[in-house]
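Beneath this line is the structure, given in structure tokens, with notes to follow.
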Amino acid sequence: MSLADSPTDSYAYVASRRDSIRSHLRRQMVQVDGPKVEGETAVYRNALASNALLKPIEGASTIYEIFEYRLRRIDKSKRFLGKRSPGPVDPATGKPTWSDYTWESFETVSQRRLNFGYGLRKLWADVIKGDDNEKWTLGLYAHNRPEWVIADYACQSQSLITVSLFDTLGPESIEYILNHANIKVVAASLLLVPKLLKVAHNCPQIKLIICMDPLDDTALVPGLPRAAGVVKQWAAEKGITLVSFKDVEDLGKAHPLSVRPPKPDDICSIMYTSGTTGKPKGAILLHRNFGSLCSSRLTSLDFSDNDVYISYLPLAHIYERSNIVLSTFSGTSIGFFRGDTSLLFEDIALLRPTVFASVPRLLNRIHAAVLQKTVYSGNAITATLFQQALNAKLAGLQQGHYTHALWDRLVFNKIKGLLGGNIRIITTGSAPISKDVLGFLKVTFCCDVLEGYGATENMADGSLNWRGDNRNYGKVGAISPCCECKLVDIPDMKYLSTDQPFPRGELWIRGGSVFAGYLHDEAKTRETLTEDGWLKTGDVCLIDQNGRIQIIDRKKQIFKLAQGEYIAPEKLENIFVQSPLVAQIFIHGDSLQSELVCIVVPSPDQAVKFAIEKGYLPKSTPIPEAIAQGQAELPEQLKALVANEKFKQDVLNDITSLAKINKLAGFETPKAIFLDTEVMTIDNNLLTPTLKLKRDTARDKYQKQIEEMYATLHASRSISDVAAKL
């Protein structure tokens, strides 16, 4: 039997081949026969689906069908969505107490999403005065919580479209998305309703806000107690109807309708890219995109109804959204964090998940925290024991062993407790992760850590490491089984499909998980999608001898120096941030300059330790914590240190050393540095909601410092020129 012979059974066929192919570690991608196009590689497919691209599983081509598919195949009383609820304030701390996780079953969630969907249609007719046949958009504006998922699945049962808004967005972005997507109804948490009301005068189409929290003055909402009445009055003054989530469910229960299932080619969601430059773009995602995602991702991840997933990455981002849909299809229990990342590890300890999807930013923090308590603890015995255990397990990892009878019991079981002790799969994406951190996490948590690649435009389903491939450092695995790919020449950057030993070029992807285009933006759609369906990713990749993709550059974020050399700043930043003295870095250069300069936010704990050792700070100086998410400024003890010219030179020297270690060209090494005490955050508009650097904003903010650094470099060069002539 071939894949092409039985398309409806393609998932089962691929799953049956998966282990046999992986056990021999054969090429993970294979070339497809066809005419050779000049300036391009051949087309590649995943070795698991070499004959034909994987299709959605029969009966699971839409999100509505995905939910129903699982509902028919699972004990309906099984726990599905879990959360922790706030209780009375603890008088000793002044903070609310929290419950254990409480759960709603698949059956309960199923009925709630139907009731909510019916209630939405009733309110559309009564409040908006809209046509019941219209496929309108519902805005979702909240941190991760059961109501977000229930509202989303309610819309999918009624052929409505959801538009997600990051709960960290500023007023300009909120206003832009609400108007761009013509959103008239928003479901939001009580804490975020005031943000909607503040921009309502510029969004006159908004007529209805559904509050995910109770709208009574007995409601316990952390950060906003006893304020629901004030919000209701404010909404009324704006001419906006404000109802609670429960009100909508009760309305639907009292006025039951029939479901209105979508078709695979119907629009499911508009997801806005966070974007490092310019206004966000609304990516149009179809139901069949989610169907393709499930069939292809399960060939790699094998989620099951025995798994528990912790949901903390933003649901407004495709990475987390795809994980939620995949978990639903698999019957996996989903526990939500409390919305505060500083409390995340408390939630994890209580939930004890088996699956953990994360990003390098957090995984790097875990890596640093473990090293701080072991290698850098100051205890020679602890450091030696840990290093011996680490070396032994890294050696075993090359033989495919994740566990060790002695060292796990003595050392690593306690570390595993950081993530609850039950983790069997960790996935990471959104940015590169270093080889050292990846191997470290595999042996300390005794499980696969799979690096993946994707974007909103391909459902975060570009590629993923194969499980058990421990030679994959720096690689992101094979193309998704529902897609095919090729590399296209970029002559200006000297990346060619004929390069040796491996072909290089821009990665193009085509297949089931590729989006349908950008909302109201034909020009950007034509720039990104070809007429024959290829998604031009803008990522520069190579394909190695084992058929694995490696991202080596970014086409859209390059700039040219005065001498004509191209610079990929993100690649350099990912190298230089490995310095223990660097917490954040922004590399700048342009076509009028021949050298790079950089802005650095020092790492508080490591910088202070280093400064004490060098004698820049007194030995009694307290060691601060590492930068936490949301932190606005560095601790006081660093504010004097950043002005110390010797320390500044030390940081630059460390960056220069990393450049040499990584064999960077001289023009890729910054020649001047400015140290700042202000942390780059979402709030100061220097980071996107997905924590990527906004280059245009950073350039504008640091324009004065950039000009001063170049003026100093030019003056220094002029003095050197004069001295050379004497």
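FYI, it's all coordinate maths here, none of it is from the lab. In this text the structure is predicted, and so the values were computed from the model without any measurement. Cβ: placed from backbone, ideal geometry, glycine included. Neighbour counts: every protein chain shown.
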Between region 656-713 and region 286-305, the Cα center-to-center distance that results, in Å: 39
State the Cα centre-to-centre distance between region 318-355 and region 434-466 in whole Å. 17
For 84-92, 245-253, 56-64, 472-480, ranked highest to lowest by mean beta-carbon neighbours within 10 Å, the order is 472-480, 56-64, 245-253, 84-92
What's the FRET efficiency of Lys78 with Glu40 using the Cβ-Cβ distance as r and R₀ = 51 Å, to the nearest 0.05? 0.60
Using a 7 Å offset from Cα along Cα-Cβ at Val375, what residues in region 446-463 end up with backbone N under 18 Å from the label point? 446
Taking 29 Å as the cut-off for C-alpha to C-alpha distance, list the pairs among Lys195/Lys416; Lys238/Lys524; Lys129/Lys232; Lys95/Lys238 that go past it. Lys195/Lys416; Lys238/Lys524; Lys95/Lys238
As a check on your grasp of the helix formula, calculate [θ] at 222 nm for the chain: sum -39500 (n - 2.57) over DSSP H runs of n ≥ 4, divide by the residue count, round to the nearest 500. -10500 deg cm²/dmol
Is the shape of region 562-725 rounded, prolate or oblate, going by the alpha carbon gyration tensor and its root eigenvalues a ≥ b ≥ c, with a/c under 1.5 for rounded and a/b larger than b/c for prolate? oblate
So how compact is region 586-666: Cα radius of gyration and Dmax in angstrom? 14.7, 47
Region 530-603 to region 123-145: how many Å between their Cα centroids? 41
Multiply the residue gap between His520 and Gln205 by 0.36 nm, knock off their C-alpha separation, and tell me the result in nm, one decimal place. 111.6 nm
In range of the label at Arg699: residues from region 592-628 whose backbone nitrogen is under 19 Å from the point 7 Å along Cα→Cβ: 592-600
Quick check: residue separation of Ala405 and Arg361 times 0.36 nm, minus the Cα distance between them. What number comes out in nm? 12.8 nm
How large is the charge dipole for region 451-559, taken about the Cα centre, if only the Cβ atoms of Lys, Arg (+1) and Asp, Glu (-1) carry charge, to the nearest 20 debye? 300
For region 119-215, rounded, prolate or oblate, judged on the Cα gyration tensor with a ≥ b ≥ c (square roots of eigenvalues), a/c < 1.5 rounded, else prolate if a/b > b/c? oblate
What net charge do the residues around Phe245 carry, taking every other residue with its C-beta under 15 Å from that of Phe245, with Lys and Arg at +1 and Asp and Glu at -1? 0
Can you compute the label reach from Leu664? Point 7 Å from Cα along the Cβ direction, backbone N cut-off under 20 Å, restricted to region 407-433. 431-433
Under 18 Å from the Cα of Lys36, which lysines turn up, not counting those fewer than eight places away in the same chain? Lys486
Net charge of Cβ neighbours under 12 Å - reference Glu573; Lys, Arg +1; Asp, Glu -1: +2
How far apart, in nm, are two points set 7 Å out from the Cα along the Cα-to-Cβ line at Glu134 and at Lys279? 2.1
Ranked highest first by the average count of other Cβ atoms within 10 Å around their residues, in what order do 204-211, 447-454 fall? 447-454, 204-211
What is the distance, in nm, between label points placed 7 Å from the Cα along the Cα-to-Cβ direction at Tyr473 and at Ala626? 1.9
The FRET efficiency for Val32 and Gln545, from their Cβ-Cβ distance with R0 = 25 Å and rounded to 0.05, is 0.85
What does the extension gain come out to for Val127 and Arg352, with contour length at 0.36 nm per residue minus their alpha carbon separation? 76.7 nm
If I take R0 = 35 Å and measure r between the Cβ atoms of Thr341 and Glu237 in this structure, what FRET efficiency does the formula 1/(1 + (r/R0)^6) give, to the nearest 0.05? 0.55
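When you count, for each residue, the other Cβ atoms within 10 Å and take the mean per peptide, how do 98-106, 395-403 rank with the highest first?
So the peptides 98-106, 395-403, ranked by packing, come out 98-106, 395-403.
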Quick check on region 83-238: of the DSSP beta bridges with both residues there, what percent are antiparallel, nearest 5%? 25
7 Å from Cα along Cα→Cβ at both Leu397 and Ala431: what's the point-to-point distance in nm? 2.0
